[in-house]
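All remarks here apply to the structure that follows.
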Amino acid sequence: MGKLYYIMGKSATGKDHIYRALLKDASAALKPLVLYTTRPMRQGETDGREYHFVDAGFLNQMRERGCVIEERIYQTVCGPWHYATIDDGSIDLAHDSYLSIGTLESFVQLRHYYGRDRVVPLYIETDDGLRLAHALQRERKQPEPNYAELCRRYLADCDDFSEEKITAAGIEKRIPNNDTLEACIRRVREEIQQQERGSAL
């Protein structure tokens, strides 16, 4: 029986790098659960890899079909951006384990949908000063840097990932990413291996 490993944490904690490294790791044997979003594609992103980039019309169709598991809307300086997990037939937890990235809110809803024993949280935690430096470095690489949206997202994290919400979501273990990214990836990999060994018993 497979599990869904769900990476989450505040912005600029290295989640995307960790996600990509784990998917490349043949020993982990994880398949991607790719979310859907209406936000613009960033430089370096590929449709179907980081996200399925869609429009509001497509999401409306999925809602009407009852395929939307969870959805979030962020009021950004560029207008509303939607993020959603859609039951598109690509997930088979009876045979495979999967990896995805999201928020506390989406984690709770996915756990409710698939079952508490099937969805495993991987909460990444980084010093706030390091996060801001990473976010600025990433934004400078964009063709048209959007520093206002960077600041909005950074401040919103304080509420989205408050200690109260982390506790309410049942997050007990945190994986630090304050030294090297490789060290954090190793910690995450060890946590997944421990969970997989437990499933095999």
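Could you name every one of the strands (runs of 3 or more DSSP E) located completely within the stretch 24-88 that has at least 1 residues being surrounded by fewer than 18 Cβ atoms within 10 Å (Cβ to Cβ)?
Of the strands (runs of 3 or more DSSP E) lying wholly inside the stretch 24-88, those with at least 1 residues that are surrounded by fewer than 18 Cβ atoms within 10 Å (Cβ to Cβ) span 30-32, 51-53, 68-76, 79-86.
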ask   = Identify, please: which residue in the stretch 131-172 is of a type in the set (G, A, S) and outside any loop (DSSP other than H, G, I, E, B) and is, among those, surrounded by the most Cβ atoms within 10 Å (Cβ to Cβ)?
value = A135
inquiry  = For the structure I just gave you, tell me whether E196 is touching a strand residue (DSSP E or B) at 6+ places or on another chain (Cβ under 9 Å), farther than 25 Å from M41 by Cβ, assigned to a helix (DSSP H, G or I) and at pLDDT below 90.
reply    = yes
query = Residues in the stretch 100-120: is at least one surrounded by fewer than 16 Cβ atoms within 10 Å (Cβ to Cβ), aromatic (F, W, Y) and either touching a residue at least 40 places away in the same chain (Cβ under 8 Å) or closer than 17 Å to M8 by Cα (or both)?
reply = yes
request  = Return yes when I91 is under 15 Å from the mean Cα position of the chain (by Cα) and not polar (S, T, N, Q) and no when it is not.
outcome  = no
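The values are calculated or read from the model by the stated rules, or taken from the named source; none is laboratory data. None of these values were measured; they are calculated from a predicted model. No Cβ is skipped: glycine too gets one built from the backbone with ideal geometry, and neighbour counts run over all protein chains shown.
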